[in-house]
Amino acid sequence: MKAFGSEYALRPGWTRLQSLYIRIFGIVDLPTRIRARYVLRALKTLTCDTVLDLGAGTGVYSLFLTRNPRCKVLAIDIDSGRAESIRHQARCLRRSNLEVLCSSEDGLETLPSGSFSLVLTVEVLPYFADLNRVLLNLKNCLLPGGTLVAHIPFRDRLWPYEHNLFDEQFLRTEFMKAGFESPDIRRTFGAGSQLICNIFSGLVERPLLLALVYPALLCIANLLSGFSTQGTCCLLITRRPLG
């Protein structure tokens, strides 16, 4: 099976050697790969035939999901450059089941009601100024009984362009206020994962050494990707009620 994020090798600008490395090992971003372990583990238990990938970023989740030709994905990102990069990769791969839109949160209001079985939001909810409005729109575009999966950082201060700091109680309140079921929230990125991410960050400016060490870091990450009560992020799963 192809490594997660191997499609990213088709992004313009890579050298042949870089592209080959990504095809073999997948996207070379350790925090992304650790997050993906949690997210993909959850997706295996869910219906993923019509998916909204909100804040698609590099498109690695959208491109992974559309490996299944029966899965139709709408990827939305506010960054036009990233959106076009995803389109380019989809064209190269002939993924006709992937549609890409460049849109702000206002565009969510134009999505047809009840059009997705799954909504995926990875590391994007802190960036919405009107969180309640976004959550209401996401609930509306889900089918009754449809699932929302989010990965969310817990920080002690806002990063640039962020509007919301999260903890478990705040998330439960906001999602239930928007009409979702009470969410299942589990903490991710425990101390071990944080440590190897710090090692990864220290090697980013030394690409040759990083290329040599990265496979070992991935193996270690796979062993450390359990849930942790002291984790600095969380995986949240909730549903639109059937009624």
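The values are calculated or read from the model by the stated rules, or taken from the named source; none is laboratory data. Model, not experiment: these values are computed from the prediction. Backbone-built Cβ (ideal geometry, glycine too); neighbour counts: all protein chains shown.
Filter region 189-230 for residues that are without any contact (Cβ under 8 Å) to a residue 60 or more places away in the chain and among the small types (G, A, S) and give the result.
Scanning region 189-230 gives G190, A191, G192, S201, G202, A216, G226, S228.
Here's the yes/no breakdown for (1) over 19 Å from K72 (Cα atoms); (2) in a helix (DSSP H, G or I); (3) among the basic types (K, R):
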{"site": "C92", "(1), (2), (3)": "no, yes, no"}
{"site": "S96", "(1), (2), (3)": "no, no, no"}
{"site": "V100", "(1), (2), (3)": "no, no, no"}
{"site": "E109", "(1), (2), (3)": "yes, yes, no"}
{"site": "L120", "(1), (2), (3)": "no, no, no"}
{"site": "P126", "(1), (2), (3)": "yes, yes, no"}
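Kindly indicate the residue of region 221-243 that is modelled with pLDDT of 95 or more and among the aliphatic types (A, V, I, L, M) and also farthest from P126 (Cα to Cα) among those meeting that condition.
Filtering region 221-243 for residues that are modelled with pLDDT of 95 or more and among the aliphatic types (A, V, I, L, M), the one farthest from P126 (Cα to Cα) comes out as I237.
From the list R70, R41, R82, R16, which one is surrounded by 17 or more Cβ atoms within 10 Å (Cβ to Cβ) and among the basic types (K, R)? Full working, then the answer.
On the way: R70 fails: surrounded by 17 or more Cβ atoms within 10 Å (Cβ to Cβ); R41 fails: surrounded by 17 or more Cβ atoms within 10 Å (Cβ to Cβ); R16 fails: surrounded by 17 or more Cβ atoms within 10 Å (Cβ to Cβ).
Testing whether each residue is surrounded by 17 or more Cβ atoms within 10 Å (Cβ to Cβ) and among the basic types (K, R) leaves just R82.
State which residue pairs qualify: first residue under 17 Å from G57 (Cβ atoms) and inside region 148-162, second residue modelled with pLDDT of 90 or more and of a type in the set (S, T, Y) in any location, beta carbons under 8 Å apart, and separation of 6 or more residues or different chains.
V149/T121; A150/T121; H151/Y38; H151/T121; H151/T188; P153/T232; Y161/Y127; E162/Y127
Just name the residue that is modelled with the lowest pLDDT out of those in region 83-102 that are in contact with a Ser or Thr (Cβ under 7 Å, 6 or more places away or on another chain) and within 24 Å of Y127 (Cβ to Cβ). Can you show your working first?
Taking region 83-102 and keeping what is in contact with a Ser or Thr (Cβ under 7 Å, 6 or more places away or on another chain), we get 86, 95, 97-98, 102.
Going one step further and asking which of them are within 24 Å of Y127 (Cβ to Cβ), we end up with 86, 98, 102.
Working: I86: 97, L98: 98, C102: 93.
In this case the residue turns out to be C102.
Quickly run through region 47-91 and pick out the residues that are out of contact with any Gly (no Cβ under 9 Å at 6 or more places or on another chain), farther than 18 Å from S104 by Cβ and among the hydrophobic types (A, V, I, L, M, F, W, C).
Passing the criteria: C48, V51, L65, C71, V73.
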